[in-house]
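Worksheet for the structure shown next.
The values are calculated or read from the model by the stated rules, or taken from the named source; none is laboratory data. Owing to the predicted nature of the structure, the values given are computational and were not obtained by experimental measurement. No Cβ is skipped: glycine too gets one built from the backbone with ideal geometry, and neighbour counts run over all protein chains shown. For accessibility, only protein heavy atoms count, side chains too; no ligands or nucleic acids. Shrake-Rupley method; radii C 1.70, N 1.55, O 1.52, S 1.80 Å.
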Amino acid sequence: MATGSARYGGIAGPAVVPSPDVRSPLTATSGVRPATRSDTETLTSALVEIRTGRLLEELPEHPGALPLAEIAAALPEIFGTQPVTKSRILGEIRGGSLDLQDLVLISPRCVHVLQKLPNAPNAALVSVAGRDASVGWIVSEARSRLERA
Amino acid sequence: MLSKVAVRASIPPSIPVEAGILSRALEVLERVETLPADAVGALRFGPEGLLLVESRAVCWAAAPGMRHRLTQLLRYEHDPPLSKEHLREVYRQCKDGQLPLVDGLLSTGKLLPNALRSALFRHTTEAIAHLASSGVRYEGFVPQPRYRARFPFSTAEILAYLGARCDPQLATDAAAVLEANLVPETSGWAFLRDAGMGAPVVVAARGSPPLPGAEMLEISSWAASLFDVTGVFDDGVRIASAGFRDGLYVVAWRAGETYFAAVCTNRAGAARLVAGLDRKLMAR
C-alpha cells in the first residue's frame, strides 16, 4: 500500500492511501467464509485516522445499519490520543504509558473490531459485523484484513 | 440453637464505617505491594499496629484494641463455640513449645483449615481497616525470618472484602460469576463503578496471580470509561477485549450494576474467556 500525504494533508505521520493494484481491506477475504452472505456484506471495514476519527476511505456501498461512522468518531476517545481523554480512559496503568493495539467490542447486535495499523500508528482499521457470523470468524477476518491494509 | 453459620454471622464485623476508609486501606496495602517480591517481615504502624508480610502477601495484621478479637472469631468457628479457656490453653502450649499458633490450633482437631483461615482473614482485614481508620503513622519495615505462612492473604482479596461491605449479596453473586467464568492464568475481579465512593469499588476478586489494588482500580476506571464511550455507537456493548502493546490482555464485561475485569496472560486465554462470556451473556 502506497503512502503519501497529499490526499490526507495534516495527518501526523505517514498517511495511508490505498493503492489501485492492492485489494482494499474492505473487500479482501481470509478465505474462511461464514455460512451465509459474502464476506464484504458480513463484515464492513474502513480505515480511520485515530487522532480525528476521520474516515480515510469511503464507506462500502451497503454498510447497512452498522454504525461504522459513529465508531470512527469515537476513536480519539477510545485510543486515548486526546490529552484530556488519555488520562481519563487509559490512566497510567502499570506506571507507564500503555498503548492500546486492538479492541473487540461485543453487543447482542454487533461485533466491533478496532485495530491499530502496525506501520501507521495514526490509523486504525475499524470493522463491524452483525451477529449472524461467529465472533471467531469476525475477529479472524478482521485480522486478515489488517494484514492486507 | 442457632446454626454455626448463623452464630458466626452474628459477630458484627469490627470494621469502622466511615467515608474514605477504602482509599486509606489501599494506601496501607500499597506498602505491601511495593515491597521487594521476596521481602519477609513486619510493616509497623505506630506502637501496636503491624502487618506481617511474606512475598507481598499478608500473613497477619493487628491494630490497637484488637487484643481479644481473634479469640472471639475463633470461638464461633466451631459449633458449639469453643471456650475461651480452651483457646488460652492452646495459646500457652504454642508459646511454651514455640509452636506456630496455626499449627497448634489445627492440631486440636476442633478447627478445620477453612474455618481457621476464615477467622485469620477476618482478623487481618479488620486490623487493616482499623489502621486505615486511625491514620496511625507508618513507622517502617522490619525484616524477619521467613514465616512460611499456611494462610497468606493477597492484597486483592483483602481489598475486595472491604469493598464488599457496600453490598454483600451483590459481592457474593459477583464472586460466583468470576468463579464460573475465569479461565486458568487469569486474574479477575468485580467492581461497582462508584457506590458513592467517587471511584470504582472492588467487591470480589478471584484467579491468579492477584493484581495490586492500584492496578485493579486503574483498569476498572479504564473499563468503566470505555463502556461509556461505546454507548455512543452501541449501547448494548457488554464485553470488551483489549490487547495492549506490552502483552497485556484485558477483558471487561458488565452485567446489570456489576462490572468485571480480567487480566489474561496471553491472547488465547482472553479469547477463551470472551467466548465463554459471549455464550452466557449474549444467549440468543
Scan region B:213-222 and tell me whether some residue there is aliphatic (A, V, I, L, M) and under 27 Å from residue A:67 (Cβ atoms).
yes
For region B:226-253, what are the residues that are within 18 Å of residue B:184 (Cα to Cα) and not in a strand (DSSP E or B)?
B:247, B:248
Return the only residue of B:237, B:229 being closer than 18 Å to residue A:112 by Cα, modelled with pLDDT of 95 or more and at the interface with chain A (Cβ under 9 Å from one of its Cβ atoms).
B:237
If you take the residues of region B:69-126 that are part of a loop (DSSP other than H, G, I, E, B) and among the hydrophobic types (A, V, I, L, M, F, W, C), which of them is surrounded by the fewest Cβ atoms within 10 Å (Cβ to Cβ)?
B:112
Just one of (1) assigned to a helix (DSSP H, G or I); (2) open to solvent by less than 10 Å² (accessible area, probe 1.4 Å); (3) within 9 Å of chain A (Cβ to nearest Cβ) trips up residue B:223, so point out which.
(3)
Looking at B:26, B:70, which one is farther than 21 Å from residue B:116 by Cα and at pLDDT 90 or above?
B:26
I need the full set of residues from region A:103-123 which are touching a residue at least 12 places away in the same chain (Cβ under 8 Å), closer than 20 Å to residue B:239 by Cα and crowded, with 21+ Cβ neighbours inside 10 Å, in order please.
A:103, A:104, A:106, A:110, A:111, A:112, A:113, A:114, A:115, A:116
Only listed residue being of a type in the set (Phe, Trp, Tyr) and either under 16 Å from the mean Cα position of the chain (by Cα) or under 26 Å from residue B:76 (Cα atoms) (or both), chosen from B:121, B:141
B:121
Based on this model, can you work out whether residue B:214 counts as within 20 Å of residue A:135 (Cα to Cα) and either out of contact with any Cys (no Cβ under 6 Å at 6 or more places or on another chain) or of a type in the set (Lys, Arg) (or both)?
no
I'd like to know if region B:144-167 contains one or more residues that are in a loop (DSSP other than H, G, I, E, B), polar (S, T, N, Q) and surrounded by fewer than 18 Cβ atoms within 10 Å (Cβ to Cβ).
yes
Looking at region B:245-268 only, could you name the residues that are open to solvent by less than 10 Å² (accessible area, probe 1.4 Å) and either on the phi > 0 side of the Ramachandran plot or more than 12 Å from every other protein chain (Cβ to nearest Cβ) (or both)?
B:260, B:262, B:264
Of the residues in region A:59-111, how many are assigned to a helix (DSSP H, G or I) and modelled with pLDDT of 65 or more?
12
Checking residue B:216 against (1) of a type in the set (A, V, I, L, M, F, W, C); (2) within 14 Å of chain A (Cβ to nearest Cβ); (3) touching a strand residue (DSSP E or B) at 6+ places or on another chain (Cβ under 9 Å); (4) closer than 22 Å to residue A:77 by Cβ, only one condition comes out false. Which one?
(4)
What is the residue count in region B:170-208 for residues that are in a strand (DSSP E or B) and among the aliphatic types (A, V, I, L, M)?
7
